[in-house]
Amino acid sequence: MNNPAVITAREAGSRQRSSHLIQSIFSKYGIFLIFAAMVLVASILSPAFVSSTNLINIVRQMSVVGLIALGVTGVIVSAGIDLSSGSVVGLTAVVAASLAQDPEYSTPFYHGLHVPLIVPVLAACLVGALIGLINGSLVAKAKIPPFIATLGTYTAVRGAAMLYTSGRPISDLTDQYNFIGQGDIFGIPVPIVILVVMAVITHILYARTKFGKYVYAIGGNEQAARVSGINTGLYKMLIYVYAAFLAGIAGLVVSSRIGSGQPGLGVGYELDAIAAAVIGGTSLSAGGIGTVAGTIVGALIIGVLNNILDLMNVSAYWQQIIKGCIIVGAVIIDQLKHRGSK
């Protein structure tokens, strides 16, 4: 005959295992479930949401923020922060646009040079990487806190963009350059193709290479990583270089999409990118935690939220309030989750 106390203990153990299983599933896949629920609710609230044109438009619109967020994810994983990415978008956009002007319409300042498309593309990437090198040097070598270092470059780089163009936009870009932001490949917009390619590359870089393993190790415990022989200064510099490199690509995409290089481009993008990473599970309170897949879903959540609020004619002011509340909520959940695991 079974002992009631033994049966009760077994039931309690079974319930506890079930509870742990549910918590584990939600911890790993919760953001994907939330995204699926948002899509379902959005399709109910507005039938126009599920049209293929609208869905493609959502991804195309968030591709720029998504590119920046991929780099920001690595920075946050390494227990840092990058506030300069929006300004990097502005500077790389005007530098690339100045080299991509149609000679027939270009201003005397830019001499009407006709250069291959690869030149403005490389210029945007190299300018972004250079700014990332400055950020990384300030953080890793000068030991300036990442918040202060990147806040300084945020201001300086924005000023450099204004100085480069005297505050004026650069228009009349070549069709080849505009194709980057406005064209499509087999019906898929080029910005989406670029985002997917860079997301795959970034996932491999973070998850399958020594570089990625070291970045996670630095974020988890920098002192232990240094003692184990990792050159923490070098890898911290490299992660800022890569983040700004991706912001440079984002500047290339956004300027070609609107057909103009404007020094004011990218204002606020760094905050949207950080929000996408945090909503996607990258931890601000504990380094060494974050994934590319989560960041992409976080960016999509922001895109879906903006889109459905637009379709419902919600005021732009209310949209900012709602987005801010979601970001704060994501940070609170992150802190509670890691506080409970200690």
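Tabulated values for the structure
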quantity	calculated
Residues (in a helix (DSSP H, G or I) and in contact (Cβ under 8 Å) with a residue 12 or more places away in the chain) located in the range 42-53	A42, L45, A48, F49
Test: residue in the range 35-58 that is under 18 Å from the mean Cα position of the chain (by Cα) and β-branched (V, I, T)	yes
Unmet requirement for A286, which otherwise passes all of (1) of a type outside the set (S, T, N, Q); (2) assigned to a loop (DSSP other than H, G, I, E, B); (3) modelled with pLDDT of 95 or more	(3)
Selection status of P146, in the same structural domain as G219 (by TED's automatic domain parsing), in contact with a Gly (Cβ under 8 Å, 6 or more places away or on another chain) and modelled with pLDDT of 95 or more	yes
Qualifying positions in the range 298-322 - surrounded by 20 or more Cβ atoms within 10 Å (Cβ to Cβ) and either closer than 18 Å to A199 by Cα or aromatic (F, W, Y) (or both)	G298, A299, L300, I301, I302, G303
Leading residue by the ranking (surrounded by the fewest Cβ atoms within 10 Å (Cβ to Cβ)) among those in the range 269-289 that are more than 12 Å from the chain's Cα centre (by Cα) and among the small types (G, A, S)	S285
Filtered residues of the range 172-186 (kept if more than 15 Å from G251 (Cα to Cα) and of a type in the set (S, T, Y))	T174
Members of the range 135-157 found to be more than 20 Å from the chain's Cα centre (by Cα), within 25 Å of P263 (Cβ to Cβ) and surrounded by 20 or more Cβ atoms within 10 Å (Cβ to Cβ), listed by number	L138
Hey, I230 outside any helix (DSSP H, G or I) and surrounded by fewer than 21 Cβ atoms within 10 Å (Cβ to Cβ) or not	yes
Flag for S256 being assigned to a loop (DSSP other than H, G, I, E, B) and more than 13 Å from the chain's Cα centre (by Cα)	no
Residue list for the range 300-340, filter: in a loop (DSSP other than H, G, I, E, B) and either under 19 Å from G66 (Cβ atoms) or in contact (Cβ under 8 Å) with a residue 40 or more places away in the chain (or both)	M312
Neighbours by Cβ (under 8 Å, 6+ apart or cross-chain): first from the range 240-261, at positive phi and assigned by TED's automatic domain parsing to the domain that holds S78; second in a helix (DSSP H, G or I) and surrounded by fewer than 24 Cβ atoms within 10 Å (Cβ to Cβ)	G259/N178; G259/G181; G259/Q182
Scope the range 120-173; condition of a type in the set (D, E, K, R) and within 16 Å of K236 (Cα to Cα); matching residues	K141, K143
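Yes/no matrix, rows are residues, columns are (1) in a loop (DSSP other than H, G, I, E, B); (2) touching a strand residue (DSSP E or B) at 6+ places or on another chain (Cβ under 8 Å); (3) in contact (Cβ under 8 Å) with a residue 40 or more places away in the chain; (4) closer than 23 Å to V75 by Cβ:
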site	(1), (2), (3), (4)
P120	no, no, yes, no
N135	no, no, yes, yes
G159	no, no, no, yes
M162	no, no, yes, no
G181	no, no, yes, no
L195	no, no, yes, yes
I201	no, no, no, yes
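The values are calculated or read from the model by the stated rules, or taken from the named source; none is laboratory data. Please read all numbers here as calculations on a predicted model, not as lab measurements. Cβ: placed from backbone, ideal geometry, glycine included. Neighbour counts: every protein chain shown.
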